[in-house]
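The values are calculated or read from the model by the stated rules, or taken from the named source; none is laboratory data. Quick caveat: nothing in here was measured; it's all calculated off a predicted structure. A quick note on method: Cβ atoms are made from the backbone with ideal geometry, for glycine too, and the neighbour counts reach across all protein chains shown. Side chains are part of the model used for accessible areas, which takes the heavy atoms of the whole protein and leaves out ligands, DNA and RNA. Shrake-Rupley method; radii C 1.70, N 1.55, O 1.52, S 1.80 Å.
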Amino acid sequence: MSADPAFWNNIAESYAAKPVDDPAAFDRKIAIMKSHMRPDHVVLDVGCGTGSLALRLADTGAQLHGLDISPEMIRIARGKAEAQGVDNVTFHVGPFDDSFTVFPDESLDGVCACSILHLVEDRDDALARIHRLLKPGGFFISSNVCLGGSWVPYGPVLAVMRWLGKAPMVKRVSRETAVAEAEAAGFVDVALPDVGAKETVVFMVAWKPPHRM
């Protein structure tokens with residue numbers, strides 16, 4: 001995604017106040033994520049926004065880390081964590097690139113990337129980075145907009161909204177491409193569980209292969 005956090009800083013307050021679009025689908029996603037998490041796990045939430053996902057996962061007992069490029073988003077996330085008395089979630093400001101050195105390779109048990117990959121300029125690089133950070137056998141869970149293949153003319157609409165400063169750059173990707181890119185990055189057992197979300201939303205669960213014996 002863009003290295004300029006200005007757009008996200010400007011919408012942080014309204015973003016935080018906006019209710020979840022599909023609470024039932026979100027709850028089902030949360031349940032699946034929690035089913036793969038243990039108290040001894042360390043999990044990174046890439047593009048964490050105002051921390052809603054990470055804070056919902058906190059009761060697993062895992063050590064959770066949220067990363068977002070927007071200082072305003074992280075300010076709100078930290079305030080929410082403090083207000084909720086959550087002490088096992090740490091929020092970081094910065095881009096998800098070579099400058100993010102909080103974790104060495106093969107140190108994470110899981111990575112979540114929700115509502116973010118369709119905003120990334122180089123998805124191949126982001127997926128490769130996620131794969132490197134995960135321990136062998138670690139899980140990767142994503143939920144992202146996949147507009148490729150849709151009959152709705154999203155391209156012109158998004159272009160106008162972006163020109164007006166109302167939307168970021170959104171990459172149009174099909175669900176088939178999303179799966180293929182994950183597999184090309186080295187992930188296996190890629191699955192798209194049906195959580196009852198909109199057809200333009202793809203929820204994915206994948207794994208980094210374990211060490212060979």
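Every residue in the stretch 49-73 that is of a type outside the set (A, V, I, L, M), open to solvent by 10 Å² or more (accessible area, probe 1.4 Å) and either in a helix (DSSP H, G or I) or within 20 Å of ALA17 (Cα to Cα) (or both), please. Write out each step before concluding.
Within the stretch 49-73, the first condition is being of a type outside the set (A, V, I, L, M), and the residues that meet it are 49-52, 56, 59-61, 63, 65-66, 68, 70-72.
Add one more test, that the residue is open to solvent by 10 Å² or more (accessible area, probe 1.4 Å), and what stays is 52, 56, 59-61, 63, 65, 68, 71-72.
Matches in the stretch 49-73: SER52, ARG56, ASP59, THR60, ASP68, PRO71, GLU72.
Restricting to the stretch 181-200, give me the number of residues that are at pLDDT 90 or above, open to solvent by 30 Å² or more (accessible area, probe 1.4 Å) and not small (Gly, Ala, Ser).
The qualifying residues number 8.
Anything in the stretch 87-100 that is under 19 Å from ASP124 (Cα atoms) and either aliphatic (A, V, I, L, M) or open to solvent by 40 Å² or more (accessible area, probe 1.4 Å) (or both)? List them, or say none.
Once the filter is applied, which keeps residues that are under 19 Å from ASP124 (Cα atoms) and either aliphatic (A, V, I, L, M) or open to solvent by 40 Å² or more (accessible area, probe 1.4 Å) (or both), the stretch 87-100 yields PRO95, PHE96, ASP97, ASP98, SER99.
Residues that are open to solvent by less than 60 Å² (accessible area, probe 1.4 Å), modelled with pLDDT of 95 or more and part of a strand (DSSP E or B): does the stretch 74-86 have at least one?
No.
Restricting attention to the stretch 23-39, and to residues there that are touching a residue at least 24 places away in the same chain (Cβ under 8 Å) and over 21 Å from MET73 (Cβ atoms), which single residue is least open to solvent (accessible area, probe 1.4 Å)?
Taking the stretch 23-39 as the starting set, the residues that turn out to be touching a residue at least 24 places away in the same chain (Cβ under 8 Å) are 24-25, 28-30, 32-34, 36-38.
From the residues that got through so far, the ones that are over 21 Å from MET73 (Cβ atoms) too are 24-25, 28, 32, 34, 36-38.
On the way: ALA24: 49, ALA25: 2, ARG28: 108, ILE32: 44, LYS34: 61, HIS36: 52, MET37: 19, ARG38: 124 Å².
Taking the candidates together, the pick is ALA25.
Can you name every residue in the stretch 115-129 that is part of a loop (DSSP other than H, G, I, E, B) and open to solvent by 40 Å² or more (accessible area, probe 1.4 Å)? Don't jump to the end; show me each part of the working.
Of all residues in the stretch 115-129, those part of a loop (DSSP other than H, G, I, E, B) come to 115-116, 120-122.
Result: SER115, GLU121, ASP122.
Does SER115 satisfy the criteria of being modelled with pLDDT under 95, in contact with a Cys (Cβ under 8 Å, 6 or more places away or on another chain) and over 20 Å from ASP40 (Cα atoms)? Before you say what the answer is, go through the steps one by one.
Details: modelled with pLDDT under 95: yes; in contact with a Cys (Cβ under 8 Å, 6 or more places away or on another chain): no; over 20 Å from ASP40 (Cα atoms): yes.
So SER115 fails the test.
Each row is one residue, and each column tells you yes or no for (1) over 16 Å from the mean Cα position of the chain (by Cα); (2) modelled with pLDDT of 95 or more; (3) not in a strand (DSSP E or B).
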position: ASP98; (1), (2), (3): yes, no, yes
position: HIS131; (1), (2), (3): no, yes, yes
position: LYS135; (1), (2), (3): yes, yes, no
position: GLY149; (1), (2), (3): yes, no, yes
position: MET161; (1), (2), (3): yes, no, yes
position: VAL173; (1), (2), (3): no, no, yes
position: VAL179; (1), (2), (3): no, no, yes
